[in-house]
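Asks: Got a structure for you, written out below as structure tokens; questions coming shortly.
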Amino acid sequence: MKPLRSALLCLLCAAGLAHAAPPTRVVGLGGAVTEIIYALDAEKTLVGADASSIYPAAALKLPKVGYSRAVSVEGLASLKPDLVLAADQAGPPQALEQIRKLGSKVVTLPSAPTLAALDQRILGTATALEMPERGRALVDRLHAELRAIRPVIQPVRVLIVSSHTGKMQGMGTGTAGDAMLALAGGTNVLAGQSGFKPFSAEAAAALKPDVIVTTTMSVGASGSAEAFLAQPGLNATPAARNRRIVVMDDLLLLGFGPRLPEAIRQLQTGLAAPQTAAR
């Protein structure tokens, strides 16, 4: 029987019908993508990630291949991945094409800040890792948690800003920050604009937000929450006067990953608190 079984296996391989071995050397490009790999308990396959892969703490110890939108071909190739899981904003495209030509499978996953895209990220990652059941279980668990969350009773006017690049930018529609706020039940004062847009001190003051939501890195760039709120424009808002600022981990607030229910609950706690909240 054994010779016959071996012969059948050889025929199947020749015909391309035999299953290839599951990937054992995986690189994640995009913080949310890498986080999903950990959430699927597939971290033993990871041999590298991009610089935005900052959660969980173990991801910080992985060899890095640059930022997801400017990956190093040499760095990627040196890790000899059999699978690269990449957010659709990762690149540049020619870099990923070179990796394909070197023999690595590259799977691109949607990065849009929507529940439908998050489901596709999880299921696509799980399928590529050959563990579809775990993917479905994770999606089902995530949706069950989301159904248990209720919007804030009194919607507050919120300004979502990021300034870790040195320039303050507000988050309008189409951003992960806006999508998060909608799920939490807040009102985005920049709903009339789309994407990330720079805005002036005068514009910030005129928006009169009740709460300012920002990221840990943005506050870190200013030195403290007090220094952040003291910036021209922000210091003239009701949010700054009442010290109503919500500071959240960058990937938790903007990653739209498997910790989405936790992120919404944390944001809601911050929106309801009268003082500086969620860090």
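The values are calculated or read from the model by the stated rules, or taken from the named source; none is laboratory data. Note that the structure is a prediction, hence the values are computed from the model and not measured. Don't worry about glycine lacking a Cβ; one is built from the backbone with ideal geometry, like all the others, and counts go over all protein chains shown. SASA here: full protein model, heavy atoms, side chains in, ligands and nucleic acids out. Shrake-Rupley method; radii C 1.70, N 1.55, O 1.52, S 1.80 Å.
Asks: Let me spell it out: the conditions are (1) surrounded by 15 or more Cβ atoms within 10 Å (Cβ to Cβ); (2) within 22 Å of ARG259 (Cα to Cα), and GLY170 meets all of them except one. Which number is the exception?
Replies: (2)
Asks: Out of (1) open to solvent by less than 70 Å² (accessible area, probe 1.4 Å); (2) within 24 Å of PRO258 (Cβ to Cβ); (3) out of contact with any Pro (no Cβ under 8 Å at 6 or more places or on another chain), what's the single condition that is false for ILE122?
Replies: (3)
Asks: Which one of these does SER104 not meet: (1) more than 29 Å from THR173 (Cβ to Cβ); (2) open to solvent by 30 Å² or more (accessible area, probe 1.4 Å)?
Replies: (2)
Asks: Scan region 111-159 residue by residue and report those that are under 18 Å from the mean Cα position of the chain (by Cα) and assigned to a loop (DSSP other than H, G, I, E, B).
Replies: Within region 111-159, SER111, ALA112, PRO113, THR114 qualify.
Asks: Do any strands (runs of 3 or more DSSP E) entirely within region 190-279 hold 2 or more residues that are at pLDDT 90 or above, and if so, which?
Replies: Of the strands (runs of 3 or more DSSP E) lying wholly inside region 190-279, those with at least 2 residues that are at pLDDT 90 or above span 211-215, 245-248.
Asks: Still on this model: Check GLN266 against each of (1) loosely packed, with under 15 Cβ neighbours inside 10 Å; (2) free of Cβ contacts under 8 Å to residues at least 24 places away in the same chain and name the one condition it does not meet.
Replies: So GLN266 meets the others, but not (1).
Asks: Residues that are at pLDDT 90 or above and surrounded by 22 or more Cβ atoms within 10 Å (Cβ to Cβ): find the helices (runs of 4 or more DSSP H) completely inside region 1-81 holding 2 or more of those.
Replies: Result: 31-39.
Asks: If only one of SER194, SER224 is farther than 30 Å from LEU115 by Cα and without any contact (Cβ under 8 Å) to a residue 60 or more places away in the chain, which one is it?
Replies: When all the criteria are applied, what remains is SER224.
Asks: Against the condition under 21 Å from ILE149 (Cβ atoms) and either in contact with a helix residue (DSSP H, G or I) (Cβ under 6 Å, 6 or more places away or on another chain) or surrounded by fewer than 18 Cβ atoms within 10 Å (Cβ to Cβ) (or both), how does GLY233 come out, does it pass?
Replies: no
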